[in-house]
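Have a look at the structure below, then the notes.
The values are calculated or read from the model by the stated rules, or taken from the named source; none is laboratory data. Worth saying up front: this structure is predicted, and the values here are computed from it rather than measured. As a convention, Cβ positions derive from the backbone with ideal geometry for all residues, glycine included, and neighbour counts pool all protein chains shown. These accessible areas exclude ligands, DNA and RNA; they are computed on the full protein's heavy atoms, side chains included. Shrake-Rupley method; radii C 1.70, N 1.55, O 1.52, S 1.80 Å.
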2 protein chains.
Amino acid sequence: VVRSGNEDVADLVRRAGEHQSAAVARLISLIERDSPQLREVAAALARLPGRSHVVGLTGSPGVGKSTTTSALVAALRASGRSVGVLAVDPSSPFTGGALLGDRIRMQEHAGDDGVFIRSLASRGQLGGLSAEVPQALRVLEAAGFDVIVIETVGVGQAELDIASLADTVLVVLAPGMGDGIQAVKAGILEIADIYVVNKADREGADLVARDLRHMQTLGAGTSSGAQALGRDSATAGWEVPIVKTASSEGQGIDDLLEQIDRHGEWLTSSGSLHRRRQHRAATEIEAIALGEVRARFARSTGPAALSAAADHVVAGALDPFSAAEQVLDAL
Amino acid sequence: VVRSGNEDVADLVRRAGEHQSAAVARLISLIERDSPQLREVAAALARLPGRSHVVGLTGSPGVGKSTTTSALVAALRASGRSVGVLAVDPSSPFTGGALLGDRIRMQEHAGDDGVFIRSLASRGQLGGLSAEVPQALRVLEAAGFDVIVIETVGVGQAELDIASLADTVLVVLAPGMGDGIQAVKAGILEIADIYVVNKADREGADLVARDLRHMQTLGAGTSSGAQALGRDSATAGWEVPIVKTASSEGQGIDDLLEQIDRHGEWLTSSGSLHRRRQHRAATEIEAIALGEVRARFARSTGPAALSAAADHVVAGALDPFSAAEQVLDAL
């Protein structure tokens, strides 16, 4: 029985550890922003070791991310492993449910206790993934899922966030996505641990794979961006494989899973796993601290002070930097 | 002659006001992050009134944003107006120059003093547009361009940023962009002042226009998101028009310009212009203030303190919220 009000967090955590979907879902609700029990849940989860392999999956709209996630879930279940899925849509700050159609496809796993799927439609104030995502991930880790898949549309900041959160990042591409694919590829070259060329049964798939190989050659030795993200694939000798799939037909999924497992082993043997987890925690702490500063900022100065400063700037009496200084001094 | 070192900012501003491209370009270089003259330039620009009509142009990769911008620039020049263009690519934090091919297309305006075009490839640490963009916009306003076009890929936070910066937001769509267009549309419904259905000579353009009209009907009365952005189209009676263009052929561009001018007149007559400018200044001040807090944060606590806190979180000795509190207390 789930009580509203003062729930027994320890009991929820215990039941989540037994893969009881209702308890997992309830804990995720309790870590949502402004939840009064957020801190209590976070404290309870902190003590539990995170042994899950966290797989991030990103890519442009239309490449078949959800289909690939669903096929991966099926393959993981067939190999006897439990899977938690967080499907995050950061493309809109206003409208939830845009990916409803995709979610419905995943209902084939409904009723299987070894699978938990949660959509998080909201996104953070600062772009990128919402602050709930790292905490929801902690809930699934506490629940002890063998593998956790975080799926998100690969746009802007969310792409970077998933690279901070996941142990293994899959970047999904597909043929025939128009001119824009070049721009997308450029940004994701350095966050991928594994490239997935989906819809490989369609014309142009070989071209995408060839382009990727070409960009890998060009990108060799320029991994400063990846290092800034706490990733060190290039330096530690992980060569990013390219796996072709036709996820809707289930083709290539076994290969993909093999590469994911191989990357997981590499993470442990190379010591990269600890470094990535360390970086993930640092990113999370910094985000929480800055969020707290924002909140204090809003409480102390209020919209009125900001609005008055803005009036001065519009009137040409003040430049925005001096205005920001004044607002900060008032804090 | 452009001197390095201690330049005469007042003189640069004067020459920028005469549309001297070299002076405009130099001022934009001086407002880049960490420039020692950033504050001096900002102070000099603050006193100059912004009389430009700021037009934001956004949309998914491949819809023809650059072609539309280029066609708009030609139409504005034909009507005797000067135009500044800021082309921002926030899709990648690592790689500049992804839109190089697009930029080359715009070279048809090279050598025309009434046109200034600048690409800003970098993006901000927090996703979205980089902190330079509002300042670069101020430079172009100080230079007195009649119209300023800010073009950006419509992904994530950058989309919201452009809505905060521009007086008039054009959202460009095109037929045949795959399944993802539904998700994109949902997010942009509320930031558009004018919809542009480009590639209108292709099959499916009528369908896109029909979808837009349908979503406008559904979205009526739910403008809380738009209001949060300081936009009040819905409440003040601006009905978002849908303009069909084939920008590469120059078709529909006169219609588009007419709608942009009509929106400009509406902004003034309704009083919305001042409210939008006020909101833009407030957003800018808040962003600068938060950036300063981030910088102080990095200076005072340093990566070492954060790293130590992260170690505790990884070891399960501390939850990330308590860690954030400790780091903040140490500040």
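Checking each residue in the range B:24-39 for being open to solvent by less than 30 Å² (accessible area, probe 1.4 Å), closer than 16 Å to residue B:118 by Cβ and without any contact (Cβ under 8 Å) to a residue 40 or more places away in the chain picks out B:30, B:35.
Of the helices (runs of 4 or more DSSP H) entirely within the range A:249-331, those holding at least 2 residues that are closer than 30 Å to residue A:72 by Cα and either open to solvent by 20 Å² or more (accessible area, probe 1.4 Å) or within 14 Å of chain B (Cβ to nearest Cβ) (or both) occupy A:253-270, A:272-314. May I ask you to verify whether residue A:83 is at pLDDT 55 or above and open to solvent by less than 10 Å² (accessible area, probe 1.4 Å)? So residue A:83 passes the test.
Take the residues in the range A:40-80 that are more than 20 Å from the chain's Cα centre (by Cα) and closer than 17 Å to residue A:137 by Cβ; name whichever of them is most open to solvent (accessible area, probe 1.4 Å).
Narrowing the range A:40-80 to residues more than 20 Å from the chain's Cα centre (by Cα): A:40-41, A:43-44, A:47-48, A:74-75, A:77-80.
Going one step further and asking which of them are closer than 17 Å to residue A:137 by Cβ, we end up with A:41, A:43-44, A:47-48.
Numbers: A:41: 0, A:43: 35, A:44: 20, A:47: 173, A:48: 66 Å².
Applying the filter and picking the extreme gives A:47.
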